[in-house]
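Everything below concerns the one structure shown next.
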Amino acid sequence: MNPENLLLETDGAVALIRLHRPKQLNALNDALMDELGAALARFDADDDIGCIVLTGSERAFAAGADIAAMAPKTFDQVLREDFISRNWEQILRVRKPVIAAVAGYALGGGCELAMMCDFIIAADDARFGQPEIKIGIIPGAGGTQRLPRAVGKSKAMDMVLSARMMDAQEAERSGLVSRVVPAARLLDEAMDTARTIAAFPRQSVMMAKECVNRAYSAPLADGLLFERRAFHSLFATHDQKEGMDAFLAKRAPKFENR
Ligand code: DAK
């Protein structure tokens with residue numbers, strides 16, 4: 001079934017997902033998050049896809065969870081239904097790389113969604129923020145946890161407590177985004193990067209992603225051992241032989257993702 005709140009495209013081995021609720025600045029409601037989870041799962045399972053780009057519009061990546069949908073909810077309700085945990089976690093289960101291409105506002109849940117991606121490429125007009133405090137709540141999808149890990153405690157506290165937005169340059173300086181590009185180049189840059197990644201052996205890409213993520217969930221010694229064993233295991237693949245032989249023979253490798 002075609003999603004109503006997303007635009008989906010593929011370009012070779014790259015899938016592009018655009019959040020598409022333009023009138024609400026891509027405010028993230030349940031229907032959109034269900035569709036996003038389904039699209040991510042579908043592309044993750046598709047052998048023809050090697051990398052996924054998630055983007056919004058020129059004006060907003062996403063202005064947060066849908067405030068109109070949240071406003072009437074009671075404590076009892078959000079607790080009982082474990083409010084929006086179900087469809088917000090799917091992105092964390094995707095094993096292929098997901099690049100966030102952010103232009104305009106990435107606020108609240110929008111900033112949190114971008115941080116759940118593997119890395120963020122920002123347009124020079126991008127603005128990041130966790131302004132939940134202005135509406136009587138706090139970040140609920142990782143903003144108080146992933147933001148300090150990305151930008152450090154002082155900047156994270158500043159943003160979460162004062163609702164101050166960070167522009168793209170500050171976001172790059174502080175490590176929240178990997179690079180800043182002119183707004184007009186954002187999608188080209190993200191798609192080019194995705195194409196580069198999708199051309200590498202899938203098993204190396206997947207293991208590299210798992211290993212970097214371990215740096216955030218395991219003590220250093222365990223992460224290092226995990227990396228070592230993943231590294232060792234890649235010597236069982238065709239593409240390791242092919243990649244190294246091609247380098248030594250000064251020719252382009254022909255990877256087979258096995
Ligand atoms: N929800 C619903 N509608 C929104 C919205 C949002 N978050 N953000 C913007 N809109 C709507 C506006 O109501 C307006 O609708 P109309 O009046 O035209 O019908 C339209 O989008 C255009 O917005 P503005 O007229 O306000 O446009 P401006 O350029 O003047 O301002 C803005 C843009 C982004 C600065 C402003 O709209 C704004 O401050 N928006 C709210 C930002 C915000 O507070 N975001 C945080 C929301 S709380 C969790 C998962 C996620 C979350 C929590 C838990 N779990 C997994 C447990 C997330 C929570 C949040 O994100």
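Coordinate-derived values only; no laboratory data. Keep in mind that what you see is a predicted model, and the values were worked out from it rather than measured. Glycine gets a Cβ as well: all are built from the backbone with ideal geometry, and neighbour counts include every protein chain shown.
So which GluC sites (Glu not before Pro) in region 160-250 end up in coil per DSSP with only 13 or fewer other C-beta atoms within 10 Å?
Values: sites: GLU170, GLU172, GLU189, GLU210, GLU227, GLU242; in loops: none.
Here no GluC sites (Glu not before Pro) fit, given the DSSP loop and packing criteria.
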Choice from GLY129, GLY223, GLY64 showing the highest fluctuation, given a GNM over the chain with Cα pairs closer than 10 Å: GLY223
Rounded FRET efficiency, nearest 0.05, which uses the C-beta distance separating LYS134 from LEU79 and R0 of 30 Å: 0.85
Mean shadow area of region 123-258, taken as a quarter of the surface of its Cα convex hull (nm²): 11.0 nm²
Rough spin-label spacing in nm, given labels placed 7 Å along Cα→Cβ, for ASP47 and ARG258: 0.9 nm
Linear extension gain, MET206 paired with ALA183, 0.36 nm per residue minus alpha-carbon span: 5.4 nm
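Tell me, what is the FRET efficiency for ASP124 and HIS232 to the nearest 0.05, using R0 = 35 angstrom and their Cβ-Cβ distance as r?
Computed FRET efficiency for ASP124 and HIS232: 0.25.
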Relative packing of peptides 25-33, 134-142 - highest average C-beta neighbours within 10 Å first: 25-33, 134-142
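Which semi-axis lengths, in whole Å and largest first, follow from the square roots of five times the eigenvalues of the Cα gyration tensor of region 201-258? Don't jump to the answer; show the numbers that get you there.
Numbers: eigenvalues 139, 22, 16 Å².
With the √(5λ) rule applied to region 201-258, the semi-axes are 26, 10, 9 Å.
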